[in-house]
Each structure stands twice: as C-alpha cells, then as structure tokens.
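Reviewing the structure listed below.
What follows draws every value from the coordinates through simple rules; no lab data is involved. The structure presented is a predicted model; accordingly, all values stated were derived computationally and were not measured. Here Cβ is always computed from backbone atoms with ideal geometry, including for glycine, and neighbour counts include all displayed protein chains.
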Amino acid sequence: MNYTRFEEVTLTGSTLANSRMLGTRFERCVCDQADFQDCLLYDADFRHCDLTYARFDGVLGNRDYVAEAHGLVFGMNGVQFQGADLTYASFRGAKIAADFTGAELLEVDFTGADLTGSRMLERDALRVELTEEQRQMICWVKEPVHEHA
C-alpha cells in the first residue's frame, strides 16, 4: 500500500494489520475500528480522519533523524494525525513519532508506546494519560492563535 491515496473512503472495521504504508494518505476517511496493528507507517497521513477505536498497537512510524540531518526526508518522516478523531484508539507498544496536534485524544491508550519525536498541544498535557517518561519524549506546542481581520 505504499504511496496509495484514499480520499473520503469508509474503511470501518477494516483489517490492514502488518501492512507497509510508506507515504500512504488517508484524506478525511472514516477508519473507525480499523486494525492497523504492526504496520510500518513512514510518512503516513491520517489528517482529519475518524479513527475512533482504531488499533495501532505495535506500529513502527518513527523518524530517521540521521536522514533528516542530511536533508534526506524521503519516506522517513513521522505520521500525521492533525485534526483526527482518535477517541479510544490504541497505540500499545507502538514506536511512533507522530504529529497529534489538534487531534481528539480522549481515552487514547499509549501503554508502553515510544513517542519520541511526537508533537501534541500543551492543552493535551493533562488530558492524555502518559507516563512521565513518555511526557519527556513529546514536543509540547502552543495552540495556534487565530486572528480575525
């Protein structure tokens, strides 16, 4: 499924476990209860998707910092979840560098997850259940200010 683009597709309850998803884009898709366990998710994009009750247990979606330092980012970026609904999703044992800014993170299970390089909004610091070690792995960012003209 490398470099596949899904746009406004319903994948409710689909099993995509153990897939390679390099550069795969899910644009405004409904993926509630989908199973993404043990997938490779380099540069995968789930922005603005419904991922309620989705399972990302054991996924590998970390970043290659050596490649980034040399300007080589092809296929080695983290995972994009901005604006996604991850309510009750599970990332147990995942190794993922993801941008969770603006995502709904109600009751997400990050048990045993390595979140090194992930980003979350500061407002979520007290909303998301994380260990102290996991909190240190995350880059906490301020919510963007929207000015009205």
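What the table shows:
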quantity	calculated
Radius 9 Å from Cβ of Val79, net charge of other residues (Lys, Arg +1; Asp, Glu -1)	-3
Estimated dipole of the chain in Debye, rounded to 20 [Cβ of Lys and Arg +1, of Asp and Glu -1, Cα centre]	280
Exposed-site-free run, longest, the chain (rule: GluC sites (Glu not before Pro); DSSP loop; at most 15 other C-beta within 10 Å)	9-106
When the chain is reduced to its Cα atoms, the Kirkwood hydrodynamic radius in Å	15.2
MRE, 222 nm, helices only [DSSP H, n ≥ 4, -39500 (n - 2.57), over the chain, to nearest 500]	-1500 deg cm²/dmol
Within the chain, longest stretch clear of exposed trypsin sites (Lys or Arg not before Pro) (DSSP loop, no more than 15 other Cβ within 10 Å)	29-91
Sorted by Cβ density within 10 Å, fewest first, the residues Tyr53, Tyr42	Tyr53, Tyr42
Least to most buried among Val145, Val108, Val59, Val30 (fewest other Cβ within 10 Å first)	Val145, Val30, Val108, Val59
Total charge dipole magnitude, segment 92-149, about the Cα centre, Cβ charges on Lys, Arg, Asp, Glu only, Debye to nearest 20	120
